[in-house]
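Accompanying notes for the structure given below.
Any read-out appearing in this document is the output of simple, stated calculations on the displayed coordinates, not a laboratory observation. What you are looking at is a predicted structure, and each value in this text was computed from that prediction instead of being measured. Using ideal geometry, Cβ is built from the backbone for each residue, glycine included, and neighbour counts are taken over all protein chains shown.
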Amino acid sequence: MAQADGAGTGIDGTTRAGGPGDPVTIGRRVKRMRKERGLTQRQLAEPEYTAAYVSTLEAGKVRPSEAALRHIADRLGVAEEELATGRPTHLAAELRMRLTEAQRVLAIADAADARAVYEQVLGQADEYRLTEERGAALTGLGECALETGDLAEALTRFEAAEQALAGEPLPVRARAVRGRAVAHYLAGELRYACYLLENAIDELNTSGLHDPGALLQLYTASIAPYMDMGAHARAAQAAELALALVPQVSDPALVAGMHRTVARTLIAEGRVDAAQISLTRAAELYEQLQMRTELAHCHWMRGYVCAQDGDLRQAEEALRTARSMLVSKRAALYVSQVEVELADVLRRSGKTEEAAELLGNLLAGLQHGRGALHAAGAHRLLGLIAEGADDIESAERHYATALSLLEQTGAAGDLADICRLLGDLMRREGRTEEALNAYRTGLGHRSEPGTTTLGPAPARPPFTPWT
């Protein structure tokens, strides 16, 4: 494939010296192509122009007019755009096809294989200054990093994607915004994740940039951090709006993701049957699309729903299936999250030794700064196991560690729960004042159920999707 001939354009849109549209660069390109085809300057010029004009053009002393570019491109047998920019014809379309293939590889195979394709696309998009393709490749690399659990790398890639697409409308940037918010959420920065998503939703809804697919991505991504922060009203509203958008969205992967995520709000409302139906719809779509990681998330959520409904046998089966699928995809961080859920089911089923071993291995392999929420969940469960074995000192240590981790995240419901467990333990030990302090701390986190400290809820879309 031909190489780019120059250094590009300035940030103000003007042509830089040595850029692909610079007269000197165009002249060199014309000369190279002419010689590759064995043409003389006269043969290239006639009948419209003279050999002297071609000589002057090749020396970079004159910028060819549009008519001259069309004539010379026709004589050379190339597209006018390729002659003017050095960009091979159909390159953008080819890169978009390869981006689609990389997404498919990430869904069904190893993230490393997808990363290799995204890196190749990024290199060519950089070389030929294709903004949207560059942003999409960077976003894809961020999604690869999310899958492998490298949250720092994911954030770097998503931020670079947003910078690359800074001049594009928000619907083009929505996938990168969503990715960055998810990375912050997985790192335990719930409030900031909500802030990013709410700002993007407001911008879409108030600026006339209504895009159902972009909105569906953002509303769906906001549900998990809302739930973990105890903002159940906002989570339910986001789920309601996401469901209303489905008839306007043609991408089955987005629809499946919505059904999978909305199941969590349904189970919180006690609507177990509706949650199961939603998960079944998601799983059917993921099966059709062969999206293994997302299908594993469906099994994971099904295990969560069964556990909440008290069906521990079905919950264990679903969670083991999810864990096996995620291990095969090397999705390390997601494996850890599933293992916390599985350990809780094992503990409740009386398999405390297996649960403790699973949690110990999980914490040993979890790198610092990754997954504060599920690290806290692991310590909470180890505290419960220790307390059940009358190892009060160990239980208190695990509860205190969980509390410290959760205080960094703003996960109100989990914070209140761990404070209750710590208070109960201290009360049984006769440490009444310490127990009261723990209860007060928990009550403080639950003082405003269903709200966040982020200000008003995002604006509704500028349409009425329900009656």
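For segment 360-449, go through all pairs of different Cα atoms, get the mean of 1/r, take its inverse, and jot down that Kirkwood value in Å.
About 13.2 Å, per the Kirkwood formula over Cα pairs.
Can you tell me the Rg and Dmax of segment 142-298, counting just the alpha carbons, in angstroms?
My reading of the Cα-based Rg and Dmax gives 15.0, 45 Å.
Could you give the angle, 0 to 90 degrees to the nearest 10, between helix 252-268's Cα long axis and the longest principal axis of the Cα atoms of the chain?
20 degrees
Show that you can apply the helix-only estimate: for the chain, add -39,500 (n - 2.57) for every DSSP H stretch of four or more residues, divide by all residues, and state [θ] at 222 nm to the nearest 500.
About -24000 deg cm²/dmol.
Please report how far the C-alpha centroid of segment 78-107 lies from that of segment 200-269, rounded to the nearest whole angstrom.
32 Å
Mind pulling the per residue volume of the convex hull built on the Cα atoms of the chain? Å³ is fine.
So the per-residue Cα hull volume is 164 Å³.
Sort 87-93, 320-326 for me by packing, meaning the mean count of neighbouring Cβ atoms within 10 Å per residue, highest on top.
Top to bottom by mean Cβ count within 10 Å: 320-326, 87-93.
If you take the beta carbon distance between residue 320 and residue 52 as r and set R0 to 51 Å, what does 1/(1 + (r/R0)^6) give as a FRET efficiency, to the nearest 0.05?
So the FRET efficiency works out to roughly 0.05.
Given a Förster distance of 25 angstrom, what is the FRET efficiency for residue 89 paired with residue 110, based on the Cβ-Cβ distance and rounded to 0.05?
Working from the Cβ atoms, E equals 0.15.
Any idea what the dipole of the chain comes to, in debye rounded to 20, about its Cα centre with Lys/Arg Cβ at +1 and Asp/Glu Cβ at -1?
1300 debye
So between residue 42 and residue 120, what do we pick up on full extension, going 0.36 nm a residue minus the alpha carbon distance?
Extending this stretch completely gives an extra 24.1 nm.
Could you give the angle, 0 to 90 degrees to the nearest 10, between helix 412-428's Cα long axis and the longest principal axis of the Cα atoms of the chain?
Approximately 30 degrees, to the nearest ten.
What distance in nm separates the simple spin-label points at residue 313 and residue 277, each placed 7 Å from Cα in the Cβ direction?
For residue 313 paired with residue 277, the spin-label model returns 2.6 nm.
How about residue 329: which lysines have a C-alpha closer than 29 Å to its C-alpha, ignoring those fewer than 8 places off in the same chain?
Filter leaves 351.
In degrees, nearest 10, range 0 to 90: what is the angle between the Cα axis of helix 372-388 and the longest Cα principal axis of the chain?
It works out to around 20 degrees.
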